[in-house]
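In what follows, a single structure is set out as structure tokens and then discussed.
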Number of protein chains: 2
Amino acid sequence: MLSFDSIAEACARLKGRHVVTPLLEYEPLNEMSGGRVLFKAENLQKTGSFKFRGAFNKIASLDPAARRRGVVTYSSGNHAQGVAAAAKAFGVPATVVMPQDAPALKRKNTERLGATVVLYDRRTGDRKAIAEKIGAETGAVIVPPYDDEMIIAGQGTIGIELSRQLDEASIAADLLLCPVGGGGLIAGISTALRTLMPHMRIYCVEPAGFDDTRRSLEERRRVANAPDASSICDAIVTAMPGEVTFPINLANLAGGFAVGDGDVARAVDALFEIAKLVVEPGGAVGLAALLGRRLELDGRTAVVVLSGGNVDIAAFRSRFGVKSDMI
Amino acid sequence: MLSFDSIAEACARLKGRHVVTPLLEYEPLNEMSGGRVLFKAENLQKTGSFKFRGAFNKIASLDPAARRRGVVTYSSGNHAQGVAAAAKAFGVPATVVMPQDAPALKRKNTERLGATVVLYDRRTGDRKAIAEKIGAETGAVIVPPYDDEMIIAGQGTIGIELSRQLDEASIAADLLLCPVGGGGLIAGISTALRTLMPHMRIYCVEPAGFDDTRRSLEERRRVANAPDASSICDAIVTAMPGEVTFPINLANLAGGFAVGDGDVARAVDALFEIAKLVVEPGGAVGLAALLGRRLELDGRTAVVVLSGGNVDIAAFRSRFGVKSDMI
């Protein structure tokens, strides 16, 4: 199982290569949440999401000879951009297997970073199999989106950074809310914080219909989502918890919450209007849980991880198709 | 004339009361600008703009007996919110004289901060006279938007903060681009940097039709704008340079640039899509000057001050009425 030391090593590898994202607080959002809320703004990370951390740590830890053959991955977008930027930093080629219906901005940005994009049909194709075939043919190393200890350790650097920022500001946080897709981000953060801030309670937040981790924690075994669910949170709609991430999360998390599209759209708008931050739907689920009163802070202090900001401006302007009476 | 020491004193007053806003960099925006660009993100400041700094410094420096009688100001919005939040921090009443057509968000936020809003008609009323009448009747101290040394010193704290952030990151910046309305922000920043980073060239950026400071610098005397000009940059449309600010800016600035609405809208969109920051049109003119090639960086390093982010979400969604073929 992932150790704290692996995360500390990832911090050393990332030093000077990533953005130490700010921890931000807004009085009106405190009032709306009934407590104190600190936002860890990973939307301001390189490539617009936390994914750069894990990808960089994975590629940095490869044997140089293997690294030169390049990397290949599969991703709906944020991980793709993280891998592309990290590969570019090492000057090695990257190939990304991406669904045909991925947001245009994520595809455009991945290509702008020099990666080769291979499209597949989400209904008929198996992205992992396609990536493995490319890896077998070219010798490229697979950089999985979450089920990999080096990826998880990279995401966990947020936990070490956060702990230092809270200490410097003399803030004692009671709980943390984190978006969860495959579970790599929260597995890394919770492993770091279990050592550094053991009293903090850590909760996953997922879109309604994609709350596989919340339900799996309750059943203490991995369960899948119904195949017909839909959500505006494109970044975090995964079928079931990861094989590597779930045992870590089962050991570390206090539970989870599911949020609907209306509350997510409201959170995205509140972050725009009050926080002046662009956060994608999947990155805003933590605040959605607070605004939708999935939990009451009752004066407690929460850290909310804003995991990404890669939203199409046209989709934002049309409110992601969410009717305004739902917001 | 304003001294460096006044700004250092303002830093001491603000310590722990304001947001030390991050200095952010984005590879795609470097590429689009032809050099290196560091953004000082004052849109993430308390109340969503730099104005909190000056207002807090002014109110903090008042005699306690005078302060208890409260403060009064006149503002199209950002200064109003800054004064309201600073007055609230000291527990004293604030009255704000605001045009009837001020953006709804700015009025709403000013009232949410506990200030009393007095509306006037921009075509027929004299906002300064109305504020002075309220001051005479109630004993409230006037907190002017820019023509005041304590206000300018407060805004100048950005210069000291920026200098430290550049030093910590080992970055030597060649020039700075700053939005200018009345000129208080750039007067403060340039006074701080003339002492701390004397080789940095400092330029004002204004909306086309409101480039009174740029033209006044060329003519070495204060000249006014034509009364019929219009711009989407509501935060920085002033009639002419300030009496107190202009002599400072004449001594400190290297010149200025004027930018059109199309380039401003393009800069706002680029900051949304790439930087994940919400910046209002008037706060984005520095980047607009770079994207519109008003100046060529030619590999040089620029600091761009993003002065505020108080934009109506509905106005943003409708592109501020700017036709897309202009963007």
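Where nothing but the Cβ of Lys and Arg (+1) and of Asp and Glu (-1) is charged, how large is the charge dipole of region A:51-142 around its Cα centre, in debye to the nearest 20? Mind dumping the intermediate values first?
Details: 16 positive and 7 negative charges, 56 e Å.
It works out to roughly 260 debye.
With coordinates expressed along the principal axes, the C-alpha atoms belonging to region B:1-124 extend over 50, 37, 29 Å, beginning with the largest. The Cα-based radius of gyration and maximum Cα-Cα distance (Dmax) for region B:73-213 are 17.2, 53 Å.
Ellipsoid fit via the Cα gyration tensor, region B:206-288: semi-axes of 25, 14, 10 Å, each the root of five times an eigenvalue, largest first. Here region B:189-327 is assigned +1 on the Cβ of each Lys and Arg and -1 on the Cβ of each Asp and Glu. Its dipole about the Cα centre then comes out at about 360 debye. When the Cα atoms of chain A are aligned to their principal axes, the ranges along those axes come out at 56, 43, 38 Å in descending order. Once the chain from residue B:88 to residue B:61 is taken as fully extended at 0.36 nm per residue, the excess over their C-alpha distance is 8.2 nm. Sequence-distant contacts, meaning Cα pairs under 8 Å at least 6 residues apart, place the relative contact order of region B:208-327 at 24 percent. Normalised by the number of residues in chain B, the mean separation of alpha-carbon contacts (under 8 Å, six or more apart) gives a relative contact order of 21 percent.
Taking one quarter of the surface of the C-alpha convex hull of region A:248-320 gives a mean projected area of 5.6 nm².
Report the number of Lys pairs in chain A whose alpha-carbons are under 15 Å apart, with separation of 8 or more residues or on distinct chains. The result is 9. Figure legend: label point modelled 7 angstrom from the Cα of residue B:194 along Cα→Cβ; no residues of region B:281-315 have amide N under 13 Å from it. Computed over region B:138-216, the P(r) tail beyond 19 angstrom holds 43 percent of alpha carbon pairs.
What the phi angles of region A:59-69 give under the Karplus curve with 6.51, -1.76 and 1.60, with θ = phi - 60°, is a coupling list of 5, 5, 8, 6, 4, x, 5, 5, 4, 4, 6 Hz, glycine and proline written as x.
With the convex hull drawn around the C-alpha atoms of the protein assembly as shown, the volume per residue stands at 150 Å³.
Every pair of different Cα atoms in region A:51-142 enters the Kirkwood calculation, which places the hydrodynamic radius at 12.8 Å. Legend: calculated FRET efficiency, residue B:17 to residue B:323, from the Cβ-Cβ distance at R0 = 51 Å, rounded to 0.05, equals 0.75. With contacts taken as Cα pairs under 8 Å at a separation of at least 6 residues, region A:18-65 carries a relative contact order of 34 percent.
In chain B, excluding the sites themselves, the longest stretch lacking any of the trypsin sites (Lys or Arg not before Pro) that are in a DSSP loop with at most 10 other Cβ atoms within 10 Å is B:16-122.
FYI, it's all coordinate maths here, none of it is from the lab. This is a predicted model, so every value here is computed, not measured. As a convention, Cβ positions derive from the backbone with ideal geometry for all residues, glycine included, and neighbour counts pool all protein chains shown.
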